[in-house]
Amino acid sequence: MKHRLPKFLKRFTMLLGIVGVFFYSQDSFAQKKKKKNSKNDTEAPATPPKPQNGGNNKGPKPYKDVITKEAKSKDGLFKVHQIDDKFFYEIPDSLLGRDMLMVTTIARTADGIGYGGERTNTLMLRWEKDNDAILLKVVSVDNYAADSLPIAKAVQNSNLEPLLQRFEVKSRATDSTGTVIEATDLFAKDVPALGLPQGRRTQYRVQRLDGDRSYISSIKTFPINIEARYIMTYLAQNPPSNSSTGSITLEMNSSMVLLPETPMMQRLADQRVGWFSRSYVDYGSDAQKAASRRFLDRWRLEVKDEDIEKFNRGELVEPKKPIVYYIDPATPKQWVPHLIAGVEDWQAAFEEAGFKNAIIAKEAPTPEEDPDWSPEDARYSVIRYFASDIQNAYGPHVSDPRSGEIIESDIGWYHNVMNLLRNWFFIQTAAINPDARSMKFDDEVMGRLVRFVSSHEVGHTLGLPHNFASSHAYPVEKLRDAAFTKEMGTAPSIMDYARFNYIAQPEDEGVSLMPNVGPYDKYAVAWGYKPILDATTPEEEQGTLNQWILDKKGDPVYRYGRQGNSYDPTGQSEDLGDNSMLASEYGIKNLKRIMPNLMEWTSEMDKPYKDFSDLEEMYGQVLTQFNRYMGHVKTHVGGVMEVYKAIGQDEPVYTHNPKELQKSAVAFLNKHLFQTPEWMMEDEIIARTGDFGALERIRGLQVGTLNNVLEWGRLGRVIENEALNGNEAYKITELFDDLRKGIWTELPSGKTIDVHRRALQRAHIERLEYLMTSDGPNIPAQFRRYYGPQINASQSDIRPMARGELKTLQRQIRAAIPRTADRVSKLHLEDLADRIEKILEP
C-alpha cells in the first residue's frame with residue numbers, strides 16, 4: 001500500500017499501464033547520419049515542389065511528394081516511414097482520440113545517472129486533429145464525470161489537456177483514412193517529458209540539449225505499440241562522470257502503447273486488504289461532496305467462455321492470458337532458475353483465485369529466436385538485472401489510469417542486493433545455521449535467498465504493498481517449532497519485512513528460517529483477482545468482497561497493516577512474533593553466540609591475503625541488528641494499534657498498547673541497553689577494525705533510543721492514553737520514574753559510573769532540557785498535514801514533567817556526590833548538578 005498524496009509525493013510504483021497482448025514485431029529502422037551538402041549542392045538548390053492550395057506552399061501535400069520512393073516503410077500501430085534521418089507517422093483516423101500510454105525508460109546511461117532499464121516517466125496521451133495540425137495531448141484522469149452528466153462539461157472546462165507537441169499535417173493517406181506527420185522532433189528535440197527528468201537536470205546543472213549529438217537511433221512499429229530509441233546529449237556544468245566533456249549522453253526508449261477501447265472493470269479498494277490503488281475525484285457520484293473513487297491496480301485475468309461452468313463448479317481454469325515475466329539476458333546464469341522460481345511461487349496464490357498457470361516466468365528469447373525482442377518494449381514484463389553497487393531490488397508496475405489494469409512491469413534487480421542478503425542471513429541465522437557462517441555462501445544457499453527477494457518483488461508487481469502487520473500474527477514460541485514453521489513459514493505474508501528467523505535457538509532443530517508466499521498472500525490475491533462473474537459493475541462486487549473479509553474477521557493471519565505507522569507496535573518493519581520483548585531476548589542471545597565466532601567466520605583462511613573489512617562490516621551488522629531490537633521494543637511505549645474496520649464492525653480501529661507491555665518495554669531497555677551492553681565491546685574485534693569510535697558507537701545506540709522514547713509524539717500519546725483510560729494507562733509519571741531508575745542506578749549506593757553510563761546520563765539531562773525549553777517538533781508548514789496532529793509543547797504536560805524530573809535528579813545527584821568515591825564519577829556528578837542548576841535558573 002494508499003493514501004492520496006500530492007503529485008510530487010506519489011509513489012513511483014503507482015505507474016500507468018496497458019493491455020498486454022503479444023504480437024510479432026516488424027523490422028526496425030536505423031537512422032542514418034545527415035549528409036552535408038556539397039559545394040555544388042549549395043550553389044544549385046533543389047527545385048521547389050509545386051505549390052498547392054492556390055499557389056500557397058503551406059498545407060498538406062500529395063502523398064507521393066511526402067512519402068517518396070526512398071522511404072523505408074513498415075506497418076504497425078501507425079505506419080512508420082523513414083527517409084534519411086526523418087521519421088513520419090501515418091496515423092489512421094480510427095486512432096485519433098484513442099487513449100495511449102507513453103512509457104519512457106533509460107535504456108543506457110552514463111555512470112552516475114541511474115541504470116539502464118529504469119523508468120523515468122509515464123504519460124497518457126491522445127492524438128487529435130485540429131484543421132491542418134495534429135495535436136498530441138497529455139490526458140489526466142484525476143477528475144472525472146460520466147459524459148452523460150451535465151457536470152462533465154464543468155470537469156472538462158477545469159482540466160484543459162496540455163499539449164506535448166503540435167505537428168503540421170504533411171499529407172493525407174492514399175486512401176484518405178489517415179494523416180501523415182513528421183514525428184522526428186518528438187524524439188530528436190528536447191521534449192522534457194521524454195528526456196532527462198527535471199530533478200536530474202537541476203542536479204547536473206543541465207543547460208540545453210546539443211542537437212548535433214542528439215538523434216533517433218531507431219523506431220520500431222508493432223501492432224499495438226511503437227518503440228522509439230534515441231540518443232540525448234545535454235550540455236551540463238556538473239556532469240556526474242566524464243566531467244571534462246561538459247556533457248551527459250543517454251539512450252532513451254519511449255514505448256507508445258494503445259490502451260483498450262473498453263477499459264477493464266474496476267475493482268473498488270478496501271483499506272482492510274492491502275493493495276496498490278489509484279483514485280480520481282468522481283464529480284458524477286451522488287455524494288454531496290467531491291468524492292474520491294479508489295480502485296485496485298491489478299492484471300486482467302479472465303475466465304475463458306468455454307470454462308465458465310468449470311469455474312463455477314470450483315475447478316481451476318487457465319486464464320485467457322497469463323501473466324508472463326522474462327528474465328533479463330544480462331542475468332548471471334546461476335541465478336536465473338531462482339528468479340523464475342520466485343515468480344512461480346505465486347501460482348499457489350492464484351489457485352486460491354480459481355486459476356492455474358496464471359503466472360509464469362521464462363528466459364528472454366535470444367536474438368536468433370526473436371531479433372526484435374527488447375526489454376524496454378512495454379509489452380513485456382522483465383526482471384532487469386543492473387550492474388550496480390546498490391543493495392536493493394524494486395518492483396513497480398505500469399497500469400491503465402482509467403481502470404487500474406496492470407499490463408507491464410519491470411522489476412529492478414541490483415547486483416549488490418546479494419551483499420544485503422548475505423549480511424541479513426549471516427547475522428540473523430548464523431548462530432544456529434552452519435550454511436550462514438562465511439562471507440561467501442554456496443550458490444544453492446544464495447539462490448534460495450534470491451528466490452525469496454524475487455517472490456517479494458513480484459508481489460509488488462501484482463499489486464500488493466508491504467503488510468507490516470503480518471509478522472505480528474504468529475506467537476513467538478511457535479517460531480521455534482519446526483512443524484509449525486514448515487507449514488506456515490515465519491510470517492503469513494512474504495510482503496512483510498520479516499526477514500529471517502532470528503528467534504530460533506540452537507536446540508530448535510529443523511525450524512524454518514525464512515518466509516514464503518503465505519496464507520495472507522493467498523487470501524489477498526484471491527480477494528483482488530477472483531472473478532465475480534455475476535457482477536456487472538464494481539458496486540455489485542462489493543457485497544461479495546466485504547463478505548470475504550468478514551469471513552476472516554478477528555484472525556491476525558489475515559490482517560493488513562500499512563507501512564509508515566511508526567507508533568503501532570504490531571505493524572513494525574524487520575520484526576517477528578507477537579511480543580517484541582521476548583523475540584528480541586531470543587535475538588540478543590543469538591548475537592551473543594555470534595560475537596565470539598565473528599573473527600573465524602569472516603576470515604576465509606584459504607585466501608593468500610585478506611584484510612579485516614569483512615570483520616568490520618559484520619561487526620557493524622551485529623550493532624545494527626541489536627539496534628533493530630531496541631527499536632522494536634521502544635515502539636511499545638506510547639504505542640497505538642491500528643486495525644482497520646468498516647462501519648458495522650463493532651470494534652475500535654485504534655487501541656492504546658496495554659500498560660503491562662509498555663512497562664515491560666522500558667524494563668527491557670533498562671536491562672539490555674541502558675545497562676552497558678559490554679558484550680558488544682569485543683577487544684579482539686575493536687583492535688582490528690578501527691583506531692577510534694568504539695565508545696561512540698555504543699553511545700549512539702543508547703542515546704538514539706532514549707531520545708526516541710522521550711519524543712514529542714510518543715509522550716503526547718502517553719498523556720492522551722491516561723486522559724482516555726485513567727489508571728489502565730501507562731502514565732507519563734510512571735514512564736519518567738522507570739527511566740530514571742534504570743539510567744541512574746548508581747546514585748543510591750555511590751557506585752562508580754562507567755564511561756558509557758556517564759555519556760548516557762548527560763544525554764538524559766540534555767533531553768529533559770530540550771523538552772523543557774523547546775517549542776516542539778519543527779515541521780515545515782507545507783508538510784504538517786501529512787504528519788497528522790502535533791502536540792502543542794508550551795501548553796502540554798511535557799514541560800512541567802521535564803522540569804519536575806530535573807528537580808528530582810538535582811536532589812538525588814547532590815545527595816550522591818558525598819558518597820561517591822571514584823574521582824571521575826564525582827566530577828561527573830558535580831558537573832551535572834551545575835548543568836541542572838543553569839537549566840532551571842538560567
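Taking the range 195-239 as the region of interest, the strands (runs of 3 or more DSSP E) fully inside it that hold 3 or more residues being touching a Ser or Thr at 6+ places or on another chain (Cβ under 7 Å) and among the hydroxyl-bearing types (Ser, Thr, Tyr) are 225-236.
Within the range 670-710, the set of residues being surrounded by 15 or more Cβ atoms within 10 Å (Cβ to Cβ) and assigned to a loop (DSSP other than H, G, I, E, B) comprises 675, 676, 677, 681, 682, 710. For the range 809-842, the set of residues classified as crowded, with 17+ Cβ neighbours inside 10 Å and of a type in the set (D, E, K, R) consists of 826, 835, listed by residue number. Taken as a whole, the structure places residue 176 among residues that are hydroxyl-bearing (Ser, Thr, Tyr) and exposed (fewer than 13 other Cβ atoms within 10 Å of the Cβ). Residues in the range 775-825 that are over 23 Å from residue 734 (Cα atoms), in a loop (DSSP other than H, G, I, E, B) and among the hydrophobic types (A, V, I, L, M, F, W, C): 779, 817, 821.
Residues that are over 30 Å from residue 129 (Cβ atoms) and either hydrophobic (A, V, I, L, M, F, W, C) or exposed (fewer than 15 other Cβ atoms within 10 Å of the Cβ) (or both) within the range 179-197 comprise just one, 196.
Looking at the range 787-808, can you tell me whether even one residue there is among the acidic types (Asp, Glu), within 23 Å of residue 676 (Cα to Cα) and surrounded by 15 or more Cβ atoms within 10 Å (Cβ to Cβ)? The answer is yes; a qualifying residue exists.
Checked against the criterion of being surrounded by fewer than 18 Cβ atoms within 10 Å (Cβ to Cβ) and small (Gly, Ala, Ser), the range 223-239 has no qualifying residue. Considering the conditions (1) farther than 27 Å from residue 124 by Cα; (2) out of contact with any Ser or Thr (no Cβ under 9 Å at 6 or more places or on another chain), residue 402 is excluded by exactly one of them, (1).
Looking only at the range 322-350, which residues are in contact with a Lys or Arg (Cβ under 7 Å, 6 or more places away or on another chain) and assigned to a loop (DSSP other than H, G, I, E, B)? Correct list: 328 only.
Just so you know, all these numbers are worked out from the coordinates, no wet-lab data involved. Everything quoted here is computed from the prediction, not taken from an experiment. Glycine also receives a Cβ, built like all others from the backbone with ideal geometry; neighbour counts cover every protein chain displayed.
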